[in-house]
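FYI, it's all coordinate maths here, none of it is from the lab. Just so it is clear, the structure is predicted and the values come from calculations on it, not from any experiment. Don't worry about glycine lacking a Cβ; one is built from the backbone with ideal geometry, like all the others, and counts go over all protein chains shown.
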Amino acid sequence: MKICLIRCPSPFLIDERVFPPLGLMAVGTTLKIKGHDVTIYDGDINDFPMDFEYYGLGPTTPEYPYALKVKEKIGPRAKIVVGGPHATLNPRVCLDDGFDCIVCGDGEMSVERAFKSDIPLIISKELPLDEYPIIDRTILNLKNYKYLLNGRLATTMMTSQGCPFKCGFCAKNYRTVRFRSIENVIKEIDILHFDFGYDALAFPEDMFILIKERTEKICVHLKKLGMIWRCLIRADFVVKYGNVFIKTMADSGCVEIGMGVESGSDKILSIVNKGETVETIKTAIKMLKDSGIRIKGYFIVGLPGETQSTLDETRMFLEEMNFDDVDIKIYQPFPGTPIWNNRNSYDIQWDDIDFIKMFYKGRPKEYYGNVRTSSLTNQQIYNTWVEMEEKYKCHEGFISHNTGT
């Protein structure tokens, strides 16, 4: 088959050309191995090639309107399969919109059947990650994507999928965590380092340090290669593993971490089922700072139950902790999340808006900001976000590429 996989645009992002589309690349790698002629198109959405028999898309929710635009332009002349985050959580919407086949879950082992058969909906079986091929980085031009870490050109790779936690604002807690073997991870690191010349990596998975011993083994190899890296972590695991573990991360080249703090109020953390306390987060931050690892804190204003008092607690927290950088966003409810599915159980209201406006991360001051609580109006939440972003964003000395990640 001659197949074109189209990357839907994300014009709401500060820079769309930072991280390559690993999901589409994984699907394309599998199709290529099976002998199909695969092209990944990541250019102007208005100029995608029209000479293919088969098309595949994997949009997030705010990217979904562009998938519809592609479908409308192609019409009935070719088969169009849609998968990825939005389709997995909203298959009925995609079916009603007229896509030929919807793939929920992992696309690697189901996409060929989706193109070949007349089945309208495929619930993909989740296999051990080692059974999927390592992504073929030659399937698109990696030079079109630029992410800098300490001035070094970096790229991304995933060593696990899923999240075991149940945060009310997150749609990723519908699946269990699967891990690639250490041997498989090291093989991909070596490919990126020796074949493509990368000596800096970012691990964007939800919780890179979930298994202590596994993380330590990866650290040993990264240190051996002289690579630097960043990852996402939870504060409670930093405290649980202790200073020796954090020193191991730092010594292996970990120069920066991202930490989902969300709020400086224990009340809000409890409401959204974060599973952490402010005191634990403060302890973890001190441990990381003592090790010399830079910290980027992620915050959300306008979560259920937000009041002027809880916002003041977040302000005080930000003042006290002095992050190297912060990412503060207005809460955006997404279909498929616990809060969305149980709206009446939370002190939160929002307006129905187009999918294209449903983004949580994006260009500063371009947020629709459609949430309100019993104590705060939409405008009050928006004003607080603007104030916090201007005051706390990107302190001097934080030198990774500013992508909103």
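Identify all aspartates and glutamates with a Cα-Cα distance to Lys393 below 19 Å; exclude those on the same chain that are fewer than 8 residues away in sequence. Hits, sequence-local ones excluded: Asp15, Glu256, Glu262, Asp312, Glu313, Glu319, Glu320, Asp324, Asp325, Asp327, Glu366.
Ordering Ser10, Ser181 by the number of other Cβ atoms within 10 Å of each residue's own Cβ, fewest first, gives Ser181, Ser10. As a proxy for reagent exposure, ranking Thr307, Thr337, Thr377, Thr61 by other Cβ atoms within 10 Å from fewest up yields Thr377, Thr307, Thr337, Thr61. With neighbours defined as other Cβ atoms within 10 Å of a residue's Cβ, the residues Val177, Val185 order from fewest to most as Val177, Val185. The trypsin sites (Lys or Arg not before Pro) of the range 47-140 that DSSP puts in a loop, and whose beta carbon has at most 16 other beta carbons within 10 Å, are Lys125.
Do any GluC sites (Glu not before Pro) in the range 98-161 lie in a loop, going by DSSP, with at most 15 other beta-carbon atoms within 10 Å of their beta carbon, and if so which? Spell out each step's value before the answer.
Numbers: sites: Glu108, Glu112, Glu126, Glu131; in loops: Glu108, Glu126.
Here the sparse-neighbourhood loop sites are Glu126.
Dipole magnitude for the range 146-392: computed about the Cα centre from +1 point charges on Lys and Arg Cβ and -1 point charges on Asp and Glu Cβ, it is near 620 debye. What whole-number distance in Å separates the alpha-carbon centres of the range 237-313 and the range 7-43? Computed from Cα coordinates, the inter-centre distance equals 32 Å. Shape class for the chain: oblate, because the ratio a/c of the largest to smallest gyration tensor axis (alpha-carbon atoms, square roots of eigenvalues) is 1.5 or more and b/c is at least a/b.
DSSP beta bridges fully contained in the range 146-392 are about 25 percent antiparallel. Derived scalar couplings between HN and Hα for the range 40-52 equal 9, 9, 10, x, 4, 5, 7, 10, 5, x, 10, 9, 9 Hz in order, rounded to whole Hz, by the Karplus curve 6.51 cos²θ - 1.76 cosθ + 1.60 (θ = phi - 60°), x for Gly and Pro. In this structure the amide hydrogen of Asp100, modeled in the peptide plane, comes within under 5 Å of the amide hydrogens of Ile80, none closer than 5 places in sequence on its chain. Residues whose amide H falls under 5 Å from that of Lys329, counting only those 5 or more places apart or on a different chain, are Phe299, Ile300, Val301, with hydrogens built in the peptide plane. A simple rule links phi to the HN-Hα coupling: the Karplus curve 6.51 cos²θ - 1.76 cosθ + 1.60 with θ = phi - 60°, which for the range 145-155 gives 10, 9, 9, 10, 10, 6, x, 9, 5, 10, 9 Hz, with x for Gly and Pro. Expressed as a rounded percentage, what relative contact order does the range 209-305 have, with Cα pairs under 8 Å and six or more residues apart? Taking the mean separation of contacting Cα pairs over the length of the range 209-305, I get 32 percent.
The string of couplings for the range 82-94 from the Karplus curve (6.51, -1.76, 1.60, θ = phi - 60°) is 10, x, x, x, 5, 5, 5, 8, 9, x, 5, 4, 5 Hz, one whole number per residue in order, with x for Gly and Pro. Measuring nothing but how far apart in sequence close Cα pairs (under 8 Å, 6+ apart) lie, relative to its length, the chain scores a relative contact order of 14 percent.
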